Amino acid sequence: MADREEEEKAAAAAKNKKSSKKKKSVKKTVRVAHEMSADRRKEIKKALKEHDAGRRDEWDRSSGQKSHSIIRKRVKPGQMRTIMIDLLEVDMGESWPIPVTVIHGRRPGPVVTITGGIHGDELTGPSACTHLLSNAMTDPGRPLDAEHVAGTIRLIPIINLPGYRNKSRYFPDGRDLNREFPGRAKGSTTSRVAHRLWNEIIKNTDYLIDLHSAAKGRSNMPQVRADLADPPSNIIAKAFGIEVILDSKPPKGSLRRSAADSGIGVMTYEGGGADNLDHESVQVAVHGVLNILRTLHVIPGNPSRPRFRLLASGSTWLRAAEGGLLDMYVGPSSVVDSGEVVATVSDPSRPGLTVDVIAPGDGLMICTATNPHVTAGTPVGHFLPLEKHSELVKSQIDDNNMFVVSGSTDEPVWREEVEVDEISLEGEWSGGSVDAEWQRAFVGDAESGEASPLGKN
Ligand SMILES: [Zn+2]
């Protein structure tokens, strides 16, 4: 009896030692910037400390790989297969089948799900997924060749296929699918779809990358959104490998919120605008997904890293002081100086009168309006104040003062795993969420809490 107690004590001590080692390694790879607000820094540190980054048993590569099941369909190890999944499980009427491609690796590892088009008019995700599924990625010897994958990659290019066909953000019943998760089996049409997606696909993923664009009327500079105090989300947000990360809580009912609540590492990528195919944003998305897969050791190779990261916890809104026609002189990713005229508002019925929109400081435009119709108070730009970090950001601009985002140029610079300078931009999200200010002027947004045109119920 005594021996057994001794043994148990020794085992517990060994386990503690092991876990404290793990904690150290986490701290090293996920560095927290020294300038972030003290409270937030404390919260993130605490979360990372408590996080056990140990590999799960099922990822143990010595255990051999089993088949991957999705809606009772099997994908064998080393196989890539596209499965049609009905958004509604019905015998009559629309069932809206969508293609889900599963790349099931020869070796075990995490399940990573990549989703696009949850808002049917946002095309960055569908296009990026199409690139990721091209032969240049999936042929033998290519980055996503199932023979060389460890784990499972699931690509859903267009979740909201009915919305995509209608060129609409919304589901056919007028609801925003990204406000209905985890959904209800007996709820509204959109809620039923969310419920089925959640239970059949999302719930059993380890990591989720949700690809978006700005809603109609504006365009986003490539940016990542994640709750940095959630360790698995923090890890993939940084692994994506771009400079701007908005540390924000997701709105209720969003896929990101439900996933984070269930312990799934989740991030949202935003790039470009609705009804538009922004090649740079698509390219950054492709690079970002590959970077995450490399970081998680799902595919071979070294992830590329940015020279620095801007971890933002707040921003400033630039608004039109008068109504009329908006002339934008800058675009998403423009680096601007304090006092610079970023836009002019004129009114064809009041010739000779114009009003300028001025940059309130040195900063980066992370989103700008594309719709020239404005009234007094319409937000025309989402501005990230850079203050003393302006020079650093200016060291990475093109001839048009546009910030060059990592992965947006043809040939990415591959870098070894080195420390990346992290700069915290302090503040808070006006209205409680990143895009809260836009939603009052425009309908809905990737991550804002806007209700659908038909209301919530
Ligand atoms: Zn969206």
- Using the Karplus curve 6.51 cos²θ - 1.76 cosθ + 1.60 with θ = phi - 60°, work out ³J(HN,Hα) for each residue of segment 340-356 in order, rounded to whole Hz, and write x for Gly and Pro. 5, 7, 9, 6, 10, 10, 10, 9, x, 8, 10, x, x, 9, 9, 10, 8
- Find how many whole Å separate the alpha carbon centroid of segment 310-381 from the alpha carbon centroid of segment 81-147. 38
- Note on the structure: Taking only the alpha-carbon positions of segment 57-312 as identical scatterers, the Debye log10 I(q)/I(0) at q = 0.13 Å⁻¹ comes out as -0.77
- Message: Run the simple label-point estimate for ASN135 and ALA321 please: 7 Å along Cα→C-beta, distance reported in nm.
- Response: 5.9
- Enumerate the whole-percent occupancy of each 5 Å bin, from 0 to the last occupied one, for all C-alpha pair distances of segment 316-406. 3, 15, 26, 23, 15, 9, 6, 2, 1
- Task: In whole Hz, with x marking every Gly and Pro, tabulate ³J(HN,Hα) for segment 239-245 from phi via Karplus 6.51 cos²θ - 1.76 cosθ + 1.60, θ = phi - 60°.
- Result: 5, 3, x, 10, 7, 9, 10
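For a protection proxy built on the mean count of beta-carbon atoms within 10 angstrom, sort 72-80, 214-222 highest first, please. Walk me through the intermediate numbers first.
Values: 72-80: 15.3, 214-222: 25.9.
Put in order of decreasing packing, that is 214-222, 72-80.
Order 382-392, 203-213 from most to least packed using the mean count of other Cβ atoms within 10 Å.
On the way: 382-392: 18.1, 203-213: 24.3.
So the order, starting with the most tightly packed, is 203-213, 382-392.
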- Query: Hey, which of these cross-link pairs are over 25 Å Cα-Cα: LYS73/LYS167; LYS238/LYS388; LYS76/LYS203?
  - Reply: LYS73/LYS167
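Throughout, read-outs are computed from the coordinates displayed, never taken from laboratory work. Nothing here was measured: the structure is a model prediction, and the numbers come from that model. Cβ: placed from backbone, ideal geometry, glycine included. Neighbour counts: every protein chain shown.
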